[in-house]
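> Starting off with a structure, shown below.
Quick note: the coordinates plus some simple rules give every number you see, no bench work behind them. Keep in mind that what you see is a predicted model, and the values were worked out from it rather than measured. Positions of Cβ are backbone-derived with ideal geometry, glycine not excepted, and every protein chain shown enters the neighbour counts.
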Protein chains: 2
Amino acid sequence: MTLADLPAWSGDETEITRTAELPGFMDAIAVVDRVAVVAEEMNHHPDIDIRWRTLTFRCTTHSAGKVTERDYELARRIDEIVANQS
Amino acid sequence: MTLADLPAWSGDETEITRTAELPGFMDAIAVVDRVAVVAEEMNHHPDIDIRWRTLTFRCTTHSAGKVTERDYELARRIDEIVANQS
């Protein structure tokens with residue numbers, strides 16, 4: 001997987017990021033909760049910024065100092081969750 | 001209430017902020033969930049940054065362009081939630 005497979009995401013070799021605007025604040029929190037479960041399962045945690053109903057996610061692999069396949073997989077799963085909540 | 005009554009918080013007339021490090025990531029998410037319920041009840045939503053098990057909260061009243069009593073009240077309730085989760 002590469003960034004080209006994740007049209008909602010932008011970034012470079014050091015970090016990838018996407019924003020998502022949900023219908024309301026509690027919808028945004030529901031996305032955070034579902035992403036948290038996936039992140040804990042993967043033991044790979046994105047940075048998440050909550051700004052009312054807009055979320056920003058940032059993924060990188062700190063141990064590698066760069067974006068890895070785990071980040072692309074986490075990004076893909078975040079996309080699925082956002083798509084199902086919007 | 002003033003900033004002096006909220007020792008965990010810093011800031012000025014435009015914004016107040018605190019960070020909280022929880023025992024683990026899911027503890028941090030549990031705090032976010034409980035703060036979200038209070039924020040929705042108050043119809044007053046803090047900015048929240050999630051960095052693994054560290055949370056940063058920022059409160060201001062956009063409609064007033066400054067920190068108001070509602071921010072101090074929200075801050076106080078965030079402190080209660082953090083204290084009960086840590």
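> For the range B:23-75, name all the residues that are in contact with a His (Cβ under 7 Å, 6 or more places away or on another chain) and among the aromatic types (Phe, Trp, Tyr).
B:Phe25, B:Trp52
> Which condition does B:His62 not pass, out of (1) within 14 Å of another protein chain (Cβ to nearest Cβ); (2) surrounded by 13 or more Cβ atoms within 10 Å (Cβ to Cβ), if it passes all the others?
Among (1) within 14 Å of another protein chain (Cβ to nearest Cβ); (2) surrounded by 13 or more Cβ atoms within 10 Å (Cβ to Cβ), B:His62 violates only (2).
> On the given criteria, is A:Ile50 under 13 Å from the mean Cα position of the chain (by Cα), surrounded by 21 or more Cβ atoms within 10 Å (Cβ to Cβ) and within 9 Å of another protein chain (Cβ to nearest Cβ)?
Here the answer is yes, as A:Ile50 does meet what is asked.
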